[in-house]
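The values are calculated or read from the model by the stated rules, or taken from the named source; none is laboratory data. Note that the structure is predicted; figures quoted are calculated from it, not measured. Positions of Cβ are generated from backbone atoms using ideal geometry, with glycine treated the same way; all protein chains shown enter the neighbour counts.
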């Protein structure tokens, strides 16, 4: 098999794309509840956000990675959860509510100005003025705990909304990322976005 | 901007793809030279291959990430380098040599049976019988040091091949990966491959 010179597949590669965004909200998830607490700045190290419960080089395997025994320590590629205000506005529109706040979803960072943010691909780097860099690892999936938190934060009259959240938020729930280079993130920061080469592998 | 309900982009998402491969070669890079030493099994921890110079939660920034100050500690998403025998056979054919061995390139793992292996996307998980899991982070780029090592390992009569290596090996140089779950990799292991959902973001 290795003796046979095979043709290389003609896979289309999309070039690196650069764009810009802006930091609209920062929050830390200190306790066990899903909601996060807003701050004007966050310090990130190689292990994640200082004081956030998702920090660490490893994390316990959860329902998102059903192929691992629950609780087993695995590589932590989920230091931060990031959403965009534009995507949250679409979710709010679908739910018929005035707004969905990033903190309700436990998002550590909310950005604006990056189109289709929840589809920003794996390997994308977000560069901040302090020198901090985040690397995107996956699209985030909505969960029922976030839906319950949204319902809890809305005025009365939205009973049952928790169950509608997951379908409304599918592919709009932002991305998760790890800290590539430590530094500070601050409200209003301009973010330089570098989307790496992309292609689709079909096997 | 956040007040306006925007349409969600119609981005095509390719479903999860599963396939299988096989471990054909294992090697550790212990010293400073690029070449690696073959072994029958490798132990991997959350920091990478035990005894390999690329192990660690962080690594010093190098020429591959020119946006960082050289030597600065950044997240280590390059615990292992992985190639396929099929891709190496194509490189050998292009160079007009009998073979290119994985160890010459410093590859820690050579696999077979996975088509277009060097294009296997970011986020792909490789599952091994021991329970070890590797996660793919990027396509690897050929470098002139690997070309020099290939030339050094070939019989006389291939002078100047080092310079031809990079163009011949472009997009055939395999991928880099981190250890998602610790365990052992062994010669002949069957590998279960899980390619995540894929799409192309166009900004």
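Observations
- Restricted to the range A:34-62, and to residues there that are part of a loop (DSSP other than H, G, I, E, B) and in contact (Cβ under 8 Å) with a residue 60 or more places away in the chain, the residue that is surrounded by the most Cβ atoms within 10 Å (Cβ to Cβ) is A:36.
- Failed item in (1) touching a helix residue (DSSP H, G or I) at 6+ places or on another chain (Cβ under 8 Å); (2) farther than 30 Å from residue A:19 by Cα; (3) not in a strand (DSSP E or B), with residue B:201 passing the rest: (2)
- Among the candidates A:174, A:203, A:183, A:123, residue that is within 9 Å of another protein chain (Cβ to nearest Cβ), at positive phi and either touching a residue at least 24 places away in the same chain (Cβ under 8 Å) or crowded, with 21+ Cβ neighbours inside 10 Å (or both): A:123
- Residue count for the range A:126-153, restricted to those that are more than 8 Å from chain B (Cβ to nearest Cβ), farther than 25 Å from residue B:195 by Cβ and surrounded by 17 or more Cβ atoms within 10 Å (Cβ to Cβ): 7
- Scope the range B:90-115; condition surrounded by fewer than 20 Cβ atoms within 10 Å (Cβ to Cβ), under 17 Å from the mean Cα position of the chain (by Cα) and either free of Cβ contacts under 8 Å to residues at least 12 places away in the same chain or facing chain A (nearest Cβ under 7 Å) (or both); matching residues: B:112, B:115
- The selection criterion, being facing another protein chain (nearest Cβ under 10 Å), assigned to a loop (DSSP other than H, G, I, E, B) and touching a helix residue (DSSP H, G or I) at 6+ places or on another chain (Cβ under 7 Å), holds for residue B:11.
- Considered as a group, the residues in the range B:41-54 that are over 17 Å from residue B:105 (Cβ atoms) and either modelled with pLDDT of 95 or more or within 12 Å of chain A (Cβ to nearest Cβ) (or both) include one that is nearest to the chain's Cα centre (by Cα), and that residue is B:48.
Here's the yes/no breakdown for (1) closer than 20 Å to residue B:61 by Cα; (2) modelled with pLDDT under 95; (3) out of contact with any strand residue (DSSP E or B) (no Cβ under 6 Å at 6 or more places or on another chain); (4) part of a helix (DSSP H, G or I):
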site: A:111; (1), (2), (3), (4): no, no, no, no
site: A:126; (1), (2), (3), (4): yes, no, no, no
site: A:152; (1), (2), (3), (4): no, yes, yes, yes
site: A:177; (1), (2), (3), (4): yes, no, no, no
